[in-house]
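Chemist: I have a structure here, written as structure tokens, and I will follow up with some questions on it.
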Amino acid sequence: MTHVRANLLLLAAGAIWGFGFVAQASAMDSVSPFMFIGLRFALAALTVAPLAIREARAATSKLARSDYYGFAFIGLLLFTGAALQQIGMQTTSVTNAGFLTGLYVVMVPFLAVILFRQWPHPIVWPCALTALAGIYLLSGGRLEGLTTGDWLIVACAVFWALQIIFITRIGSGSGRPIMLSLVQFTLCAVLGLAAAFTVEHNEFASILAAAPEILFAGIVSSGIAFTLQAVGQRFTTAPQAAIMLSSEALFAALFGALVLGERMTSQGAAGCALIFAAMITVELIPALRERAGVRP
């Protein structure tokens, strides 16, 4: 797969997440966070299981036990991020949640340097800050007093960033992205349902009321989008992937205008332009320099 196609897959994942953000938030009106997470990722695991079996049959070699341990570790990062986000959304605004979640765009290159001394292409730094500025403008350009939920969303962004980094470092080398998705979804489902039955009280009627949101989040936002992420990240860098995935804020605004009839302000349009500019720049500049034989 080419670098461009990989980034297009990541762009598609961002589009799906942008459309699914409203479903994720509205589900909290009916069902508790851990139950939502457990059911969402159980559906995601069922969605990708046939594809994972097909991938395993076509593979030329078996996965080592260490591969499964790595997949489970990535799943633990995914579960922690999802739990922090879902709980945080109960006590913060959608505006704040959207902006603070987008902090992973900047956290990915910083954490990659801190953890692994992995320096990205220089263009990633201004592009990450440009994308973050775009997300900020899309959020309305204001952050009221930070609540407990806000800080939980910030912590969630840390785990999203770590998940992106370790998919590149651990998952990409295995050549089995769909099995990676199956393992991380299964672990998230088990942990989510275990927490739900331990610390939450859910009625069947409330679960049924949130069924449309759970189905979309499980099959499309999780099963399809996270698998697109796992496949696409095999052929691009973690910082570039983070910037492409940050397009979820852009698509959330676009779908809000197209589906819900929401009007985009001039400030929001400027945010979309900044995110789009960051995505185009991080894709084109390294490719043009490589073609010209210039080292970063």
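Chemist: Once you put a point 7 Å from the Cα of Ala257 and another 7 Å from the Cα of Ala277, both along the Cβ direction, what distance in nm separates them?
Modeler: Those two pseudo-labels are separated by 1.7 nm.
Chemist: Which one, (1) 1.09; (2) 0.97; (3) 1.29, gives Cα Rg over 2.2 N^0.38 Å as derived from the coordinates shown?
Modeler: (2)
Chemist: Another question about this same structure. Given points 7 Å out from each Cα along the Cα-Cβ axis, report the Thr147 to Thr2 separation in nanometres with one decimal.
Modeler: 4.7
Chemist: Taking neighbour counts of Cβ atoms within 10 Å as a proxy for exposure, in what order, fewest first, do Glu203, Glu213, Glu248, Glu55 appear?
Modeler: Glu203, Glu55, Glu213, Glu248
Chemist: Given a 10 angstrom Cα cut-off, can you work out which residue in Gly173, Gly232, Gly38 is the most mobile in a GNM of the chain?
Modeler: Among Gly173, Gly232, Gly38, the largest mean-square fluctuation in the Gaussian network model of the chain belongs to Gly173.
Chemist: What is the fewest-to-most order of Tyr104, Tyr136 by other Cβ atoms lying within 10 Å of their Cβ?
Modeler: By the 10 Å Cβ count, ascending, the order reads Tyr136, Tyr104.
Chemist: Quick one: putting +1 on the C-beta of Lys and Arg, -1 on the C-beta of Asp and Glu, what dipole do you get for segment 3-291 around its Cα centre, in Debye to the nearest 20?
Modeler: Working: 14 positive and 12 negative charges, 212 e Å.
Computed about the Cα centre, the dipole is about 1020 debye.
Chemist: Would you mind telling me which residue in Ala58, Ala23, Ala12 has the biggest mean-square fluctuation in a Gaussian network model of the chain, where springs connect alpha carbons within a distance under 10 angstrom?
Modeler: So, out of Ala58, Ala23, Ala12, the one fluctuating most is Ala58.
Chemist: Using helices alone, what [θ] at 222 nm do you get for the chain, with -39,500 (n - 2.57) per DSSP H run of 4 or more residues, divided over all residues and rounded to the nearest 500? Intermediate values should be presented prior to the final figure.
Modeler: Details: 14 runs with 219 residues, N = 296.
For the chain, the value works out to -24500 deg cm²/dmol.
Chemist: Suppose each label sits 7 Å from its Cα in the direction of the beta carbon; what would the Thr198-Leu46 distance come out to in nanometres?
Modeler: For Thr198 paired with Leu46, the spin-label model returns 2.4 nm.
Chemist: Which order do Arg176, Arg5, Arg263 fall in if you start with the one that has the fewest other Cβ atoms within 10 Å?
Modeler: Ranking Arg176, Arg5, Arg263 by Cβ neighbours within 10 Å, fewest first, gives Arg263, Arg5, Arg176.
Chemist: Work out the P(r) tail for segment 163-221: percent of alpha carbon pairs separated by more than 19 Å, whole number.
Modeler: Values: 827 of 1711 pairs.
Value for segment 163-221 (Cα pairs over 19 Å): 48 percent.
Chemist: What is the Cα coordinate range of segment 3-67 on the first, second and third principal axes, sorted by size from largest, in whole angstrom?
Modeler: Computed over the Cα atoms, the extents are 47, 30, 22 Å.
Chemist: Still on this structure, please answer the following. Select from Arg169, Arg234, Arg57 the residue whose mean-square fluctuation is largest in a Gaussian network model of the chain (Cα-Cα springs shorter than 10 Å).
Modeler: The residue with the greatest mean-square fluctuation here is Arg57.
Bear in mind that the values in this text are calculations on the coordinates, not laboratory data. This is a predicted model, so every value here is computed, not measured. All Cβ positions, even for glycine, are placed from backbone atoms using ideal geometry, and neighbour counts span all protein chains on display.
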